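Just so it is clear, none of the values below were taken in a lab; they were calculated from the coordinates. Keep in mind it's a predicted model, so treat the numbers as computed, not measured. Cβ atoms come from the backbone with ideal geometry, glycine included; neighbour counts cover every protein chain shown.
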Amino acid sequence: MANTKSAKKAARQTLRRTEVNKARRSRMRTSIRYVEEAIAKGDVTAALAAMKKAEPELAKAAQNGIVHKNMAARKVSRLVRQIRSLPA
């Protein structure tokens with residue numbers, strides 16, 4: 001257990017940040033899942049609409065240090081490539 005005043009404050013901040021990060025990560029994963037579901041159905045317009053919402057979520061997660069920026073870029077690239085491969 002934290003002994004000093006600063007250590008106690010750091011512990012409180014960590015708890016708060018953990019909750020925020022969990023919410024951001026969950027929101028990011030949900031938006032990715034919507035894109036993947038639309039791709040699985042073969043619905044190009046729904047996939048593009050979902051991708052329009054998912055890309056900023058991934059960028060924010062990368063910017064806030066929730067995921068690595070290369071992971072976010074790779075995910076976006078792969079999803080866009082899958083959407084493009086769908087029959088129009």
Original post:
Order of Leu15, Leu58, Leu79 from fewest to most other C-beta atoms within 10 Å?
Top reply: Leu15, Leu79, Leu58
**OP:** Take the alpha carbon gyration tensor of the chain, find the square roots of its eigenvalues, order them as a ≥ b ≥ c, and report rounded if a/c is under 1.5; if not, report prolate when a/b exceeds b/c, else oblate.
**Re:** prolate
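In percent, what relative contact order does the chain have, based on Cα pairs under 8 Å that are 6 or more apart in sequence?
Numbers: 61 pairs, mean separation 23.6, N = 88.
Result for the chain is 27 percent.
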Subject >> 13 Å beta-carbon shell around Thr30, net charge (K/R +1, D/E -1) >> reply: +4
Original post:
So what are the ³J(HN,Hα) numbers for region 28-35, from phi and the Karplus equation (6.51, -1.76, 1.60; θ = phi - 60°), rounded to whole Hz, Gly and Pro as x?
Top reply: 5, 5, 5, 5, 5, 4, 4, 5
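Counting other beta carbons within 10 Å of each Cβ, put Val80, Val20 in order, fewest first. Let's see the in-between values first.
Working: Val80 15, Val20 11.
Ordered from fewest to most neighbouring Cβ atoms within 10 Å, Val80, Val20 come out as Val20, Val80.
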Subject >> Value at 222 nm in deg cm²/dmol, rounded to 500, when DSSP H runs of n ≥ 4 in the chain each add -39,500 (n - 2.57) >> reply: -30000 deg cm²/dmol
